[in-house]
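The block underneath contains the structure these notes are about, expressed in structure tokens.
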Amino acid sequence: MEKAIQLKVRKDLDPHQQLTVIKLKGSLISKGYTEIIHILDQDEEYHLNTFETDLEKRGEARQYITAFIDQENLADAITLK
């Protein structure tokens, strides 16, 4: 496995957005896309959330994240890199 997917997440989220981001991360783990998500500071405004996933699941995981961001209106909070 290799580090394949990064999410750029704003630090100044409101409580509802924070909860929704936590739900996204939990669902990525529960759906088997990853076992752990690494969180690093990018700068004063953003965290980088990086996780490893199998090559054959990478596209599916990216589609899931994109759909989740759209469904939960998180486009201003999360960017899929």
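The values are calculated or read from the model by the stated rules, or taken from the named source; none is laboratory data. Note that the structure is a prediction, hence the values are computed from the model and not measured. Reconstructed Cβ throughout: ideal geometry from the backbone, glycine too, with neighbour counts over all protein chains shown. What goes into the accessible areas is simple: the full protein's heavy atoms, side chains included, and nothing from ligands, DNA or RNA. Shrake-Rupley method; radii C 1.70, N 1.55, O 1.52, S 1.80 Å.
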Pairs, first closer than 15 Å to Ile5 by Cβ in the range 57-81, second open to solvent by less than 70 Å² (accessible area, probe 1.4 Å) and among the aromatic types (Phe, Trp, Tyr), C-beta under 8 Å, six or more apart: Lys57/Tyr33; Glu60/Tyr33; Ala61/Tyr33; Tyr64/Tyr33
Please work out if Lys3 is modelled with pLDDT of 95 or more and among the charged types (D, E, K, R). no
Among the candidates Leu19, Leu48, which residue alone is at pLDDT 95 or above and closer than 14 Å to Lys81 by Cβ? Leu48
